[in-house]
1. Past 31 Å, Cα to Cα, is the threshold; run Lys243/Lys571; Lys196/Lys351; Lys213/Lys242; Lys450/Lys514; Lys475/Lys581 against it and keep the listed order.
2. What FRET efficiency would be calculated for the residue pair Phe394, Arg365, taking the C-beta separation as r and a Förster radius of 35 Å, to the nearest 0.05?
3. Using a basic spin-label model with each label point 7 Å from the Cα along Cα→Cβ, how many nm lie between Ser463 and Gln268?
4. If each residue of separation counts as 0.36 nm, what is the full-extension length gain between Asp136 and Ala449 once their alpha-carbon separation is subtracted?
5. First measure r as the distance between the Cβ atoms of Lys294 and Ala39, then evaluate 1/(1 + (r/R0)^6) with R0 = 22 Å and state the FRET efficiency to the nearest 0.05.
6. Only bridges with both residues in the chain count here: give the DSSP antiparallel percent, nearest 5.
7. If I stretch the segment between His617 and His381 completely, what's the gain in nm (0.36 nm per residue apart, minus their alpha carbon distance), one decimal?
8. Considering only DSSP states other than H, G, I, E and B, which GluC sites (Glu not before Pro) in region 489-592 qualify as loop sites with at most 12 other Cβ atoms within 10 Å?
Amino acid sequence: MDTGMMDKPYKHWQIEQDEENFVWLHLDKADSRTNTLSAAVLTELEDALNHLHQHPPRGLVIRSAKDNGFIAGADIGEFTGFDSQHAALEAIQRGHRIFNLLETLRCPTVALIHGYCLGGGMEMALACRYRIAEDDPDTRLGLPEVRLGIHPGFGGTVRTLEAAGPLTALNIMLTGRSFSARAAKKMGLIDYAVPKRHLLNAARSTLRKPPKKKPLAWWLTLLNHKLLRPWIAKYMIKTVAKKAARAHYPAPYALIDLWQHYADDREQMLREEAVSVANLLVGRTAQNLIRVFKLQETLKGLGQAQENKPNYVHVIGGGVMGGDIAAWCALQGYQVSIQDREHETLGRVIKRAFALYKKRQKIPRLISTTLDRLMPDLPGHGLARADIVIEAIFEDVEVKRQLFRDIEPRMKAEALLCTNTSSIPLEELAEALDKPERLVGLHFFNPVAKMPLIEIVRGKNSSDENVQRASAFAKSISRLPLPVSSSPGFLVNRVLMPYLIEAVVLAEEGIPLKVIDDEAVEFGMPMGPIELADTVGLDICLKVADILSQNMDISVPERLRTLVERGQLGKKSGQGFYAFKKGKPVKTPPDKDYIPPTDIQERLILRMVNEVIACLHDGVVENAELADAGIIFGTGFAPFRGGPMHYLQDRGARQVYKMLEQLQQRYGQRFAPSNGWQAWLEPEIAQEENDG
Ligand code: COA
């Protein structure tokens, strides 16, 4: 039977109707690499669903025509366009209406999923009666909305609870994690995980003979009982509070509230979900987190792939950084050799790599395939095969130069040479090379497997092409490339150091360590500066501080030096500023009647902001957006504040400047506004003159 669907002139959806009267809706969002649920995509879907309500087929399949995945969620680009809560609510209620149309179709419906199925895409799948996903490592399903400062908003909260039961569903939505097809099946998010070759048949046979849906286990339904909900909610709030403060990240709390108050009444919970998400969406946290998502996309965009994709990476230096870089590159699919002078060092590299792969890959077959790609290479045979050579030996100009002289003649003519130096100007190293334009800095952060940023350091001689190659390489190993100029500390360490030093100065003044850390965490930093210094290693902090103090107006606090001289290096030695027990710092609370000074946060944070302005003035980084991205992804700077420069603009540059002047009067020159402030003050002054 023809439902008349085929004549529909859609831009984003392709429609197919087969001989069994199954309708197949293929989403292929026009002018886009990725399927998202933009307003235009939803408008067409609404039209199609209205039509299907009038002319029901025997079954409906929704799938994606794009290779990379099903649907990556609602279109985040449209999240910033709302001028009021009311406008946001209208858009969300429209989504509700459309998914409701899908849910109430009289025929069986299947979401056929491959690649990523996230956010609104997952919510759409949940509105179908059945969900079938490809059993493949590339399939990722989840509801990552909390990471954008919201929660599912197209009926997803209700439908996830129905599919997976309250504990699992809340856990999925509160963490924002994504899952493999098998894990999603176990949790009840999908019905079947099948290999690619069976996908189409699985959809057809499901539609031909729709299987009965199993109801949730009785004890899971029981957890929704109104007498139990307050207790479970209380426990969940306590768990969430350990990770994110309500004042900074309201979304997880709003989600728990929603469930606690409305889980009894489906219709009301749906209505309240829309209101709650509209409130969150126009709030500052969500808008700043959306900005962070966009900054991340900007950095990814800087790593556009090159024509000749490298295959082989050779790393020289098997210390913690070099070893971890090599292990990471192998995990990301590269053939890698790791060279060092000592057997034992290479043994340690492989041991650490094995631990990483075990944690990430779990399946023995995958782990051994990855290990096969990581070759310990005492004599350095891999050098001649490598497309990219990464030097990660200790920080000594002359030793590095000697190494470069030695290896350059043995490298492929077109191979890229990268150094992981964190302190030596590239120009000094490039002097040793015949082709100085081939040298680019790749400044990884520790721990390599966790830190998403790599500073791509451009020396005076580095060619544009090689900087681009290095950026593309960073992207290809799932890292965000941030181009910076070769100058002391580059961006991240240069900005971090005044903040860490100020924390040590505060400690020297007698402020309890825990108070200093708590103030930073309250601002939104992931970890306080004292704990951070202990975690990074005080010897490393001292080294960076010493190098920076040669070029910048910073003085290294005596206390830092003393601790290092005593061998109290932080977490790794079990004692730094804090004593460590089982890898955790022992933090002594201050006396009950202790009243901390009121300007601790200002002292810590404004030293960072001041330094970012100096970096922009000195051209270390190209613009304020990239500076914000670098500081967020390199230091974890309070993401919900949108980055240090965004924070400055939010608060008002003039106001921050005045505070800095006050701090300068109170504490001295280190708070003197750096060069470059004028560019931030002038627009505000001009605006005030215009207004007044
Ligand atoms: N809204 C708008 N655009 C999106 C998007 C979304 N939800 N998800 C991905 N995109 C875009 C990216 O901006 C990028 O655009 P470009 O082609 O103009 O550069 C493109 O899709 C590819 O994404 P990219 O991030 O470069 O690919 P990836 O393979 O590294 O990662 C995802 C893919 C889907 C995992 C990642 O983009 C992601 O996490 N997206 C957000 C998912 C999300 O939070 N959804 C919930 C929204 S309610």
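The values are calculated or read from the model by the stated rules, or taken from the named source; none is laboratory data. Worth saying up front: this structure is predicted, and the values here are computed from it rather than measured. Backbone-built Cβ (ideal geometry, glycine too); neighbour counts: all protein chains shown. Surface accessibility is based on the protein's heavy atoms, side chains included, excluding ligands, DNA and RNA. Shrake-Rupley method; radii C 1.70, N 1.55, O 1.52, S 1.80 Å.
1. Distance filter (> 31 Å) returns Lys196/Lys351; Lys213/Lys242; Lys475/Lys581.
2. The calculated FRET efficiency here is 0.40.
3. Going by the 7 Å Cα→Cβ label model, 7.0 nm.
4. That pair, Asp136 and Ala449, stretches by 110.4 nm at full extension.
5. 0.75
6. So the antiparallel bridges in the chain amount to around 25 percent.
7. Extending this stretch completely gives an extra 80.5 nm.
8. Glu509
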